[in-house]
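Reading through the structure tokens given below for one structure.
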Amino acid sequence: MRNKIVAGNWKMNLDYQEGISLFSEILNMVGDETRGNQQVIVCSPFIHLYNIAQQSKDSSNVFVGAQNIHQNDSGAYTGEISASQVKSTGASYVILGHSERRAYFGEDEKLLEVKLNQALKNGLNPIFCIGETKDERESGEFWDILAKQLKETVFLLSNEDFAKVVLAYEPVWAIGTGLTATPEQAQEVHAFIREEIAKNFNQEIADNTSILYGGSCNPKNAAELFSQADIDGGLIGGASLKSRDFLDIINVFNGR
Ligand code: PEP
């Protein structure tokens, strides 16, 4: 059975103290409960990683991730962070392919394939994002665009490595905009992604892949989105910065 995941993406928010205390609250509220195949992942700025990874090290359902890694092992890349450095903090995930990195830092499929391999080689599980812009949706080209984003990156991995990847469908027009894909729109794309995985790998791998929805997901719309057959949770930006909202989204899986 595939994992049900709620992942928070703090982006470039929260100072050191604010991040540590938000994480403690989240951990206290979800840490002790048995949640079977449910996982919570917090992707923080680099400054928080070591502290929060240590806080969560005894938890079986709360994990920590970074929001980026450099494509090389080490060296003269001032200001950058390598996959092994992230791993050494105790973090176990990294977001790759986020639309903000694609748009503002020019990250394309070719670079993302290298970063995916860097992450996996260093024991980090990628949370890999794909998604279309508003123009791409309106022109109807988005099916081809999503297929290409998969084909040139995660679909080049071995079966064994792909099994470590969590996918996130994040329509770019819905990120941070307050616009959300309808549950039907999101389900349609998630089902398409799962079919593509089955074609590229096999049905068993497709059935075991967690595919998260991201884009203005909040406590009000999460239940309907997560009730769709192929939506296995969410990647949450803005609403992950407030413990109550994030907890309410996590609790959707517990039906309370
Ligand atoms: C994100 O950045 O991955 C995201 C989904 O942001 P928001 O929830 O704020 O739209």
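The values are calculated or read from the model by the stated rules, or taken from the named source; none is laboratory data. Note that the coordinates shown come from a computational prediction; the quantities given were computed from them, not determined experimentally. Note: ideal-geometry Cβ built from the backbone for every residue, glycine included; neighbour counts use all protein chains shown. Each accessible area value is taken on the protein alone, full model and side chains, heavy atoms only, with ligands, DNA and RNA left out. Shrake-Rupley method; radii C 1.70, N 1.55, O 1.52, S 1.80 Å.
Once C-alpha pairs closer than 8 Å and six or more residues apart are averaged by separation and normalised to the residue number of the range 68-167, the relative contact order reads 28 percent. Note on the chain: GNM, Cα springs under 10 Å; of THR89, THR78, THR180, the largest mean-square fluctuation is that of THR78.
Would you mind pulling out the separation of the Cα centroids of the range 1-22 and the range 47-85, in Å? Here the two parts' Cα centres lie 13 Å apart. Per-residue accessible area (protein heavy atoms, 1.4 Å probe) orders ASP58, ASP207 as ASP58, ASP207, starting from the largest.
Shown for the chain: the carbon plus sulfur share of the solvent-accessible area, taken with all protein chains present and a 1.4 angstrom probe, equals 49%. Across the range 1-56, the relative contact order, built from alpha-carbon pairs under 8 Å that are at least six residues apart, equals 58 percent. Solvent exposure of the range 109-256, expressed per residue, is 42 Å² of accessible area, with all protein chains present and a 1.4 angstrom probe. Pairs with C-alpha atoms separated by more than 32 Å, drawn from the list LYS57/LYS151; LYS4/LYS134; LYS115/LYS199; LYS4/LYS110; LYS87/LYS151; LYS57/LYS199, are LYS57/LYS151; LYS57/LYS199.
Lys and Arg at +1, Asp and Glu at -1: add these up for the other residues within a Cβ distance under 13 Å of ILE127 and post the number. Write down the numbers at each step before the final one.
On the way: positive: ARG101, LYS115, LYS164; negative: GLU170, ASP232.
Result for the neighbourhood of ILE127: +1.
Remark on VAL62: its backbone amide H falls under 5 Å from those of VAL40, a criterion applied only to residues 5 or more positions apart or on other chains, H modelled at 1.01 Å from N. Decide, for the chain, between rounded, prolate and oblate: order the square roots of the alpha carbon gyration tensor eigenvalues as a ≥ b ≥ c, take rounded if a/c falls under 1.5, and otherwise choose prolate if a/b is larger than b/c, else oblate. Rounded is the answer for the chain, as its axis ratio a/c remains below 1.5. Our coupling estimate for the range 178-184, obtained by passing each phi through the Karplus curve with A = 6.51, B = -1.76, C = 1.60 and θ = phi - 60°, is x, 8, 10, 4, 5, x, 5 Hz, Gly and Pro reported as x.
Restrict the search to the range 8-107; then list the trypsin sites (Lys or Arg not before Pro) that DSSP places in a loop and that have at most 14 other Cβ atoms within 10 Å of their Cβ. Here the trypsin sites (Lys or Arg not before Pro) that fit, given the DSSP loop and packing criteria, are LYS57.
Out of the GluC sites (Glu not before Pro) in the range 3-60, which ones are loop residues according to DSSP with at most 12 other C-beta atoms within 10 Å?
Details: sites: GLU18, GLU25, GLU33; in loops: GLU33.
Counting only loop positions with at most 12 other Cβ atoms within 10 Å, the GluC sites (Glu not before Pro) in the range 3-60 are GLU33.
Considering only alpha-carbon pairs that sit under 8 angstrom and 6 or more positions apart, the relative contact order computed for the chain is 21 percent.
Per residue, what volume in Å³ does the convex hull of the Cα atoms of the range 64-184 enclose? Intermediate values should be presented prior to the final figure.
On the way: hull volume 15.1 nm³, N = 121.
Dividing the Cα hull volume of the range 64-184 by its residue count gives 125 Å³.
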